[in-house]
Amino acid sequence: MEEISKKRIFSGIQPTNTPHLGNYLGALRNWKNMQEDYDCIYSIVDLHSITVRQEPAKLRRQIAESYALLLAIGIDPERSVVFVQGHNPAHAQLSWILSCFTQFGELSRMTQFKDKSQKHPENINAGLFTYPVLMAADILLYQADVVPVGIDQKQHVELARNIAQRFNNLYGDTFTVPEPYIVKAVQKIMSLSDPTKKMSKSDENPNSVVSLLDDRDTVLRKFKRAVTDSGSEVKAEEGKDGIVNLMSIYSAVTNKTFDEIENEFKGKGYGDFKTAVGEAVADTLTPVQNEFNRIIADKTYLEGCMKDGAEKAYKLSRRTLQKVNKKLGFINL
Ligand code: TYM
């Protein structure tokens, strides 16, 4: 039978904190499911994380934990390439090259740069500014067709497309032009304490964020405290941002539609609904946590997977880098 080659996907997650429910529902769960139909490459993007100061011991732990969590949610290191970005030097190398094909004005328009420089006015470093170029290098290095992300990363993927097209126009076909892949229903999971803000690893209020490693009691407590409006009807309506966010989460973990959820909670108050959402999320996280505990305890296995992933990633990326070098007039040895 004729072998049909699968499309390739690349995606990454920063190890700046333990991945949370927004990361899981908006991105990681897709990463797992997409293994069926795509050739997948996933990275813990440690280089990206130092645009904001990190504590070394904590960062080291979080890189290992994030990697173990990817395996725990069902990403198979035999089938997909799973690696730590800093283990493949080609990312930094292509990033420099691409930065010479990216305009200052383009980078100045990136909303994440504007937000983060407002948040950290004392440290608006060049890395924060060129962050999207490194992200473009991550994607283009592997000739990815599709990039699964939450909506907050769409602008960065669009920049990667523009850079790829610009380079291709100048030097002939070099890079695959990637498409973002965004699951609409969970494109932006909001904070539990302020449903107008996205759930974010850097949120200072721990009640805003459900970590994938929170135990059952913590999960239940956080959902019980989730900020909602002063009404009592579980209904997806204007002005009910908190309830709509909880409905999105409940829908994502139970596969129930909004109509089914509204029917289920007809005549019941917000309290009952919050408890049900907490229980459903905790039920989803328990098997992931059991698997995580098993993997993180096996250092030899974890390091073996990292090493293997880094080798496979390097091999794939070297082809692109050599092609780029040749087009630019550099000498490949
Ligand atoms: P990061 O680490 O912030 O987030 C990882 C993934 O989770 C998604 N996400 C969310 N989805 C729904 N609701 C939320 N509240 C939420 N918060 C985060 C993000 O959209 C992302 O898909 N720059 C990237 C990492 C990166 C990358 C790449 C991604 C580096 N290189 C190349 C794709 C391709 C980031 O900071 O993601």
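The values are calculated or read from the model by the stated rules, or taken from the named source; none is laboratory data. These numbers come from a predicted model, not from an experiment. Cβ coordinates were reconstructed from backbone atoms using ideal geometry, including for glycine residues, and neighbour counts include every protein chain displayed. For accessibility, only protein heavy atoms count, side chains too; no ligands or nucleic acids. Shrake-Rupley method; radii C 1.70, N 1.55, O 1.52, S 1.80 Å.
Data overview
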item: Sites Ala236 and Lys197, calculated FRET efficiency, Cβ-Cβ separation with R0 22 Å, nearest 0.05; result: 0.70
item: For Leu212, residues with placed amide H under 5 Å, excluding near neighbours; result: His20, Leu21
item: Extension reserve of the Glu36-Ile50 stretch, reckoned as 0.36 nm per residue once the Cα distance is removed; result: 1.8 nm
item: Low-density loop cleavage sites - trypsin sites (Lys or Arg not before Pro) in segment 92-184, where at most 14 other Cβ are within 10 Å (DSSP); result: Arg109
item: C-alpha long axis of helix 241-254 to longest principal axis of the chain, angle in °; result: 80 degrees
item: Heavy-atom accessible surface of segment 206-293: percent carbon and sulfur, 1.4 Å; result: 45 percent
item: Normalised alpha carbon radius of gyration of segment 206-293 [divisor 2.2 N^0.38 Å]; result: 1.07
item: Sites matching chymotrypsin sites (Phe, Trp or Tyr not before Pro) across segment 232-333 that sit in DSSP coil, with at most 16 neighbouring C-beta atoms within 10 Å; result: Phe330
item: Stokes-Einstein diffusion coefficient of segment 235-333, Kirkwood radius over Cα pairs, 25 °C, 0.890 mPa s, in µm²/s; result: 135 µm²/s
item: Full-extension gain in nm, Asp76 to Ile124, via 0.36 nm per residue minus C-alpha separation; result: 13.5 nm
item: Electrostatic dipole magnitude of segment 203-333 [Cβ: Lys, Arg +1; Asp, Glu -1; Cα centre; debye, to 20]; result: 1140 debye
item: Members of Lys58/Lys198; Lys32/Lys222; Lys154/Lys184; Lys116/Lys188 lying beyond 21 Å, as alpha-carbon distances in this model show; result: Lys58/Lys198; Lys32/Lys222
item: Length gained when the stretch Glu279-Asp173 is fully extended (0.36 nm per residue, less Cα-Cα span); result: 33.1 nm
item: Of all DSSP beta bridges in the chain, antiparallel share, percent nearest 5; result: 10 percent
item: In segment 42-142, GluC sites (Glu not before Pro) in a DSSP loop with at most 16 other beta-carbon atoms within 10 Å; result: Glu78, Glu122
item: Nearest 10 degrees, 0 to 90: helix 56-72 Cα axis against the chain principal axis; result: 80 degrees
item: Inter-label distance for Lys266 and Glu158, nm, one decimal - labels placed 7 Å from Cα along Cα-to-Cβ; result: 4.2 nm
item: Karplus-derived HN-Hα couplings along segment 23-34 (A = 6.51, B = -1.76, C = 1.60, θ = phi - 60°), whole Hz, x at Gly and Pro; result: 4, 5, 6, x, 9, 4, 5, 5, 3, 5, 5, 6
item: Evaluated over the chain, the Cα radius of gyration and Dmax, each in Å; result: 20.8, 72
